[in-house]
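Data first, discussion second: the structure below is written as structure tokens.
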Amino acid sequence: MKSRGLAALKASEELTQFEFDRRELRPHDVGIDIAFAGICHSDIHQAREEWGPALFPMVPGHEIAGTVTSIGSAVTKFAVGDAIGVGVFIDSCRTCASCLAGLQQYCETGMTGTYNTFERDGTTIAFGGYSTNFVINEDYAVHIPGNLALSGVAPLLCAGITLYSPLKTWEAGPGMRVGIMGLGGLGHMGLKFAHAMGAETTVFSHSPEKETDARAMGADHFIVTKDPLTLKPLRKTFDLILNTVSADLDINLYLELLKLDGTLVVIGLPGKPYAVNVGSLLDGRRRIAGSMIGGIPEIQEMLDFCGRHAILSDVEVINAEYVNTAYERTVASDVKYRFVIDATTF
Ligand code: NAP
Ligand code: ZN
Ligand code: ZN
């Protein structure tokens, strides 16, 4: 199957037009006409090799929303015409304890990413969603509720699930004080979810101009972080803090904000280790945890939750030719709040 999209040919170069072939449908595969592909900061980290050596040519994109155009002979989960979503992985071992529990992202042999890796055959480069079409085994795709616009859905497949999952794991709800660090693609979804779940929400942002938007999305409090002194009065007041910041920062300033037994969940991946003061952890039996996207059942649960609560990502829809500019603007925290590529423009 012919496909057209954008690829990074090496880390130091801008993305450029790229044509390639996708596999013909196997019995359990679905063929997808991509409508929109979100730009996740992880795309930028990988295309620029900020996480170490990457695999080129790289067609990034793991926030994919589209329509099923063909199905393999054994497909039961989807029909032609269904709205369909694909996220950060396309396969896993299916047999380990994590896979059997529906936590494919934590597959003991490693999930197979949507791009920047080989497919499970070990030889075919996986090409991502900045492209016109996609082929995937039906078990690794999800249904999109009919009341949601596909442009605002695409970012849910990574940004959405990545914040929904820790909020569910740490049981965000009424009576809980939840902090969201960074109001970007991930952070704005975390804010919407935490608010919809009934938690008291605080956004920590280094962009003062985002306050009005944050309040409209459900922020009860908005703290500008440029001066660390603004954090002092908030010591020992949070149950849960989700760190989505893509850049290096002093994690200890935020650990200090946790109450007894509070948890700071690390989600942003700046590519450099954090320096943690032991004292910031001991005082209050605080915890640091990590969380990575979510498994297929939880992604479906999140999309159904969005359908019920009419939750979408706030997006700037762009044409393919704007992607390199969009990368620069994302790195500069200048996007409201996720760039989404119109796949008809590839
Ligand atoms: P994004 O849209 O660029 O948002 C990141 C936000 O971090 C920015 O909007 C900004 O928020 C804040 N920030 C950026 N630079 C900063 C700086 N120098 N100082 C302080 N704050 C800064 O990125 P994203 O797509 O949401 O991704 C966020 C991070 O999560 C990335 O590192 C990405 O790779 C990672 N990620 C992790 C997972 C996972 O499963 N754990 C999944 C997807 C992505 P303010 O303007 O409000 O300060
Ligand atoms: Zn992502
Ligand atoms: Zn597995």
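Observations, loosely collected:
- Principal-axis tilt of helix 159-169 within the chain, Cα atoms, nearest 10 degrees: 50
- Sites Ser73 and Glu328 - FRET efficiency at Förster radius 41 Å, r taken between beta-carbons, to 0.05: 0.35
- Ordering Ile39, Ile144 by the number of other Cβ atoms within 10 Å of each residue's own Cβ, fewest first, gives Ile144, Ile39.
- Kirkwood Rh in Å, taken over all unlike Cα pairs in region 160-290: 14.4
- When both region 242-276 and region 33-72 are represented by their alpha-carbon centers, they are found 26 Å apart.
- The loop-placed GluC sites (Glu not before Pro) in region 1-86, going by DSSP, that have at most 13 neighbouring Cβ atoms within 10 Å of their Cβ come out as Glu13, Glu14, Glu24.
- Dividing the summed -39500 (n - 2.57) terms of all DSSP H runs of n ≥ 4 by the residue count of the chain sets its mean residue ellipticity at 222 nm at -6000 deg cm²/dmol.
- In a DSSP loop and with at most 13 other Cβ atoms within 10 Å, the GluC sites (Glu not before Pro) in region 102-172 are Glu108, Glu171.
- Of the trypsin sites (Lys or Arg not before Pro) found in region 164-232, the ones in coil according to DSSP and having at most 11 other Cβ atoms within 10 Å of their Cβ are Lys226.
- In this entry, the chain is assigned a mean projected area of 16.6 nm², taken as a quarter of its C-alpha convex hull surface.
- Residues Leu253, Leu191, sorted so that the one with the fewest Cβ neighbours within 10 Å comes first: Leu253, Leu191
- Given +1 at the Cβ of Lys and Arg, -1 at the Cβ of Asp and Glu and no other charges, the dipole of the chain around its Cα centre is 720 debye to the nearest 20.
- Entries in Lys2/Lys192; Lys168/Lys236; Lys10/Lys210; Lys2/Lys77; Lys10/Lys168; Lys2/Lys272 that, when Cα-Cα distance is taken, lie over 27 Å: Lys2/Lys192; Lys10/Lys210; Lys10/Lys168; Lys2/Lys272
- Ordering His62, His188, His45 by the number of other Cβ atoms within 10 Å of each residue's own Cβ, fewest first, gives His45, His62, His188.
- Look at the dipole of the chain built from charges on Cβ: of Ser12, Asn116, Ile296, the Cα furthest out on the positive end belongs to Ile296.
- Between Glu24 and Ala149, the simple spin-label model (points 7 angstrom out along Cα→Cβ) gives 4.0 nm.
Each value in this text was obtained by applying a stated rule to the coordinates, not by laboratory testing. As the structure is a computational prediction, the values presented were derived from the model and not from experiment. Please note: Cβ atoms are built from the backbone with ideal geometry, for glycine as well, and neighbour counts cover all protein chains shown.
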